[in-house]
Amino acid sequence: METLSARQERLLGLIVREYVEVPRKSGVSSKRLVEKYGLDWSSATVRNEMAALTRAGMLCQPYTSAGRIPTEAGYRYFVRRLVEDDSLPSAERRLISHQFHQARTSVDEWGRLAVAVLAHHTRAAALVTALHSPKARCKHLELISTRGRQILMVLVLQGGEVLQQLCSLQEPVSQPELSEIAARLTSRCNGHAADAVERQSESARAGIERILLAQIAASMRRADSFAAGEVYLDGVQNVLAQKEFTDSAPARKALQLLEKRTFLEDFLASALSPHIGGVQVVIAGEGDWSELRECSMVLARYGTPNVATGAVGVFGPTRMAYDRAIGAVRHVANLMTSLVHESYG
């Protein structure tokens with residue numbers, strides 16, 4: 001990523017914050033920056049620097065004589081270089097801490113409180129996943145015939161979580177035979193983690209059992225990476241009220257995708273760091289998530305590594321108040337981690 005001068009960085013930061021607050025179609029003008037923020041530079045100097053930022057790909061100009069609008073690259077530079085370590089005002093941090101202090105004895109309330117707090121303080125959509133042990137172990141398997149070659153695989157884990165997945169076989173199999181196969185695989189996999197199930201898949205003879213063992217292992221790996229328990233959502237209306245979601249069908253579709261369990265599992269397993277305390281920001285679907293092209297996500301993991309962890313995050317348009325979102329997600333994740341340590345040791 002290109003390094004900007006101190007003046008260019010300051011201007012980029014002002015333009016991002018100004019556009020997030022008031023998203024004018026004409027962008028942010030040099031005159032407004034000079035007048036609103038009392039800059040020591042002339043409008044001509046600011047315009048020259050804005051032109052340089054445009055050439056660097058950090059800004060764009062919607063039409064001739066218009067101001068400037070941040071690009072995806074501009075937002076990424078802002079997040080990685082210009083956001084302070086804790087951008088949430090201290091008064092809000094104290095209020096949130098007090099709310100969690102009152103709920104510290106009720107594990108069941110943590111997720112609901114966290115998601116409500118994040119949605120309120122970021123004015124975005126928020127999600128929180130329940131605490132989950134990092135090593136899923138198989139307990140029971142059911143195979144249910146649906147139609148043709150398609151079956152429903154229902155996998156029960158030792159923690160009580162239930163994973164469901166549709167699987168396509170090479171040829172139709174009757175329900176009595178599926179039940180026999182499910183009983184054999186339950187006996188083989190009971191108490192095993194994903195690695196052991198995968199080894200059985202590799203050593204099994206080609207056929208339906210080998211296919212199903214591979215599917216079981218893959219499902220368990222997703223459960224290892226992501227809390228397969230309850231998912232709390234709040235603030236969806238905050239996002240739907242934004243002009244990006246009002247005017248854009250792809251943005252609304254992205255929101256619908258994140259409400260789908262399998263997509264959310266895959267996304268969090270890929271995007272969320274295994275480390276506690278860090279914050280990840282996915283801007284405009286960077287990486288392999290083209291379905292989220294017009295959206296951004298701020299994520300963090302909470303809990304105790306190798307014991308139990310969960311995820312907290314906020315979701316909104318690319319034009320997001322990243323500094324506030326990052327500060328809120330980091331603060332809530334740290335509070336949740338403290339509660340886990342206090343409750344479980």
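Filtering A51, A66, A44 for residues that are among the hydrophobic types (A, V, I, L, M, F, W, C), part of a loop (DSSP other than H, G, I, E, B), farther than 30 Å from D234 by Cβ and over 30 Å from the mean Cα position of the chain (by Cα) leaves a single hit, A66. Residues considered: V282, V298, V314. Of these, the only one that is more than 24 Å from S338 (Cβ to Cβ), modelled with pLDDT of 85 or more, of a type outside the set (G, A, S) and in a strand (DSSP E or B) is V282.
Of everything listed in (1) buried (at least 19 other Cβ atoms within 10 Å of the Cβ); (2) in contact with a Phe, Trp or Tyr (Cβ under 9 Å, 6 or more places away or on another chain), the single unmet condition for E2 is (1). Looking only at the stretch 158-196, filter to residues that are among the acidic types (D, E) and part of a loop (DSSP other than H, G, I, E, B); which one of those is modelled with the lowest pLDDT? Here the residue is E161. Taking A116, is it assigned to a loop (DSSP other than H, G, I, E, B) and either crowded, with 23+ Cβ neighbours inside 10 Å or out of contact with any Pro (no Cβ under 7 Å at 6 or more places or on another chain) (or both)? Here the answer is no, as A116 does not meet what is asked. Only residues that are part of a strand (DSSP E or B) and free of Cβ contacts under 8 Å to residues at least 40 places away in the same chain: list them for the stretch 134-157, please. Result: I144, S145, T146, R147, Q150, I151, L152, V154, V156.
Can you name the residue in the stretch 300-324 that is within 20 Å of I69 (Cα to Cα) and not hydroxyl-bearing (S, T, Y) and, of all such residues, is surrounded by the most Cβ atoms within 10 Å (Cβ to Cβ)? It would help to see each step written out before you state the result.
Keep residues of the stretch 300-324 that are within 20 Å of I69 (Cα to Cα), which gives 316-324.
Pick out the ones that are also not hydroxyl-bearing (S, T, Y) and you get 316-317, 319-321, 323-324.
Working: G316: 26, P317: 20, R319: 19, M320: 28, A321: 19, D323: 20, R324: 22.
If we take residues in the stretch 300-324 being within 20 Å of I69 (Cα to Cα) and not hydroxyl-bearing (S, T, Y), then M320 is surrounded by the most Cβ atoms within 10 Å (Cβ to Cβ).
Check whether at least one residue in the stretch 50-67 is outside the structural domain of R123 (by TED's automatic domain parsing), modelled with pLDDT of 95 or more, among the β-branched types (V, I, T) and farther than 21 Å from M320 by Cβ, and report yes or no. Taking every residue of the stretch 50-67 in turn, at least one turns out to be outside the structural domain of R123 (by TED's automatic domain parsing), modelled with pLDDT of 95 or more, among the β-branched types (V, I, T) and farther than 21 Å from M320 by Cβ.
If I filter the stretch 94-103 for residues that are over 30 Å from S343 (Cβ atoms), modelled with pLDDT under 95 and not in a helix (DSSP H, G or I), do I get at least one hit? No, every residue in the stretch 94-103 fails to be over 30 Å from S343 (Cβ atoms), modelled with pLDDT under 95 and not in a helix (DSSP H, G or I).
One line per residue, one yes/no per condition, for (1) closer than 27 Å to V329 by Cβ; (2) surrounded by 14 or more Cβ atoms within 10 Å (Cβ to Cβ):
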residue: R7; (1), (2): no, yes
residue: R10; (1), (2): yes, yes
residue: V28; (1), (2): yes, yes
residue: K36; (1), (2): no, no
residue: R47; (1), (2): no, yes
residue: L53; (1), (2): no, yes
residue: P62; (1), (2): no, no
residue: Y75; (1), (2): yes, yes
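When E265 is tested against (1) among the acidic types (D, E); (2) surrounded by fewer than 20 Cβ atoms within 10 Å (Cβ to Cβ); (3) over 24 Å from A73 (Cβ atoms), exactly one condition is not met: (2).
Among the residues examined, R24 qualifies as under 25 Å from C295 (Cα atoms), in a loop (DSSP other than H, G, I, E, B) and not assigned by TED's automatic domain parsing to the domain that holds V298. If I filter the stretch 210-222 for residues that are over 14 Å from A124 (Cα atoms) and modelled with pLDDT under 80, do I get at least one hit? Within the stretch 210-222, one or more residues are over 14 Å from A124 (Cα atoms) and modelled with pLDDT under 80. Only one residue in T45, T54 is within 15 Å of Q8 (Cβ to Cβ), free of Cβ contacts under 8 Å to residues at least 12 places away in the same chain and hydroxyl-bearing (S, T, Y), so which one is that? One residue alone meets the criteria, T45. All conditions but one from (1) in contact with a strand residue (DSSP E or B) (Cβ under 6 Å, 6 or more places away or on another chain); (2) modelled with pLDDT under 80; (3) of a type in the set (S, T, N, Q) apply to S225; the one that does not is (1).
The values are calculated or read from the model by the stated rules, or taken from the named source; none is laboratory data. Just so you know, these numbers come straight off a predicted model, no measurement behind them. Here Cβ is always computed from backbone atoms with ideal geometry, including for glycine, and neighbour counts include all displayed protein chains.
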